[in-house]
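Asker: Dropping a structure here in structure tokens format, bear with me for questions.
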Amino acid sequence: MKIVKGFTLVEVLISSVILFMAIGLGMVAFSSIDKSVHASTDVVTLLNPLPLIVNEIENDLTNSPAGEKTKEGELNEVKYKWVATPEKVLPPKPRFDPDRGDYIEYADRYVMYSISLTLSRDNKSRVFRFRKVGWIKLDSPVIANE
């Protein structure tokens with residue numbers, strides 16, 4: 001009797017089906033990873049200039065707080081537009097003056113803004129809403145009751 005070495009046709013077919021299933025699953029996994037990478041790259045590119053824009057908003061509101069403010073611009077190929085609407089205008093807390101024996105009331109100095117910031121790039125946009133405090137810079141304290 002002759003000993004046959006090698007694989008049967010059924011064994012080869014089963015192993016090839018298993019191999020092609022593994023290749024197919026690998027391609028599906030790679031495709032979803034590729035989509036994920038592209039989506040996260042878009043988000044990172046859109047949000048990259050966000051700290052600089054927020055810093056600019058803070059500086060604008062601190063240096064000249066008055067009424068509603070709007071500004072548009074572009075930074076690193078990201079277009080932005082922000083609108084700051086005042087919500088409250090408040091004075092600092094009263095301070096006790098021991099020399100006068102009375103509390104010192106200050107004029108309104110702090111402004112709470114509600115800010116809407118829109119970032120857009122390549123037909124993708126994102127809107128952020130947050131609050132910031134702006135204040136009127138004074139050379140000397142302004143006292144309301146004097």
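Only the coordinates and a few stated rules stand behind these numbers; no lab work does. As the structure is a computational prediction, the values presented were derived from the model and not from experiment. Note that each Cβ is placed from the backbone with ideal geometry, even for glycine, and that neighbours are counted across all protein chains shown.
Asker: Per the Kirkwood formula on distinct C-alpha pairs, the Rh of the range 50-135 is how many angstrom? Mind dumping the intermediate values first?
Answerer: Details: mean 1/r = 0.0683 Å⁻¹.
In the range 50-135 this quantity evaluates to 14.6 Å.
Asker: With a 10 Å Cβ neighbour count serving as the proxy for reagent exposure, in which order, fewest first, do Ser114, Ser64 appear?
Answerer: Numbers: Ser114 15, Ser64 12.
Exposure proxy ranking, most exposed first: Ser64, Ser114.
Asker: What is the local net charge at Asp60, summed over the other residues whose Cβ is closer than 9 Å to its Cβ (Lys, Arg +1; Asp, Glu -1)? Don't skip to the answer; put the middle values down first.
Answerer: On the way: positive: Lys69, Lys71; negative: Glu56, Glu58.
Value of the local net charge: 0.
Asker: Which one, Asp60, Asp34, Asp99, has the greatest fluctuation when you compute a Gaussian network model over the chain with C-alpha springs under 10 angstrom?
Answerer: Between Asp60, Asp34, Asp99, it is Asp99 that shows the largest mean-square fluctuation.
Asker: So what is the 222 nm mean residue ellipticity for the chain from helices alone, if each DSSP H run of at least 4 adds -39500 (n - 2.57) and you divide by all residues, rounding to the nearest 500 deg cm²/dmol? Walk me through the intermediate numbers first.
Answerer: Numbers: 2 runs with 53 residues, N = 146.
-13000 deg cm²/dmol, from helical runs alone.
Asker: On a full-extension model of 0.36 nm per residue, what is the gain between Arg126 and Glu72, subtracting their alpha-carbon distance, rounded to one decimal in nm?
Answerer: 18.0 nm
Asker: How many times 2.2 N^0.38 Å is the alpha carbon radius of gyration of the chain? Don't skip to the answer; put the middle values down first.
Answerer: Details: Rg = 32.0 Å, N = 146, 2.2 N^0.38 = 14.6 Å.
Against the empirical 2.2 N^0.38 Å value, I get 2.19 for the chain.
Asker: Calculate, in whole percent, how much of the Cα-Cα pair population of the range 18-89 lies beyond 14 Å. List each step's numbers first, then the result.
Answerer: Numbers: 1826 of 2556 pairs.
Value for the range 18-89: 71 percent of Cα pairs lie more than 14 Å apart.
Asker: Now for a separate question. Could you work out how far helix 50-63 tilts from the main Cα principal axis of the chain, as a 0 to 90 degree angle to the nearest 10?
Answerer: 10 degrees
Asker: Specify which residue in the list Val28, Val43, Ser16 is farthest towards the positive end of the charge dipole of the chain, using unit charges on the beta carbon of Lys, Arg (+1) and Asp, Glu (-1), about the Cα centre.
Answerer: In the chain, that residue is Ser16.
Asker: Would you calculate the separation in nanometres between label points at Ala29 and Val89, each defined as 7 Å from the Cα along the Cα-to-beta-carbon direction?
Answerer: 6.3 nm
Asker: I would also like to ask the following. Return Val12, Val4 ranked ascending by Cβ neighbour count within 10 Å, so the fewest neighbours appear first. Spell out each step's value before the answer.
Answerer: Numbers: Val12 11, Val4 7.
Result, fewest neighbours first: Val4, Val12.
Asker: Step through the table entries Lys71/Lys93; Lys93/Lys137; Lys79/Lys137; Lys35/Lys132; Lys81/Lys137, compare each Cα-Cα distance with 28 Å, and write down the pairs that go over it.
Answerer: Lys71/Lys93; Lys79/Lys137; Lys35/Lys132
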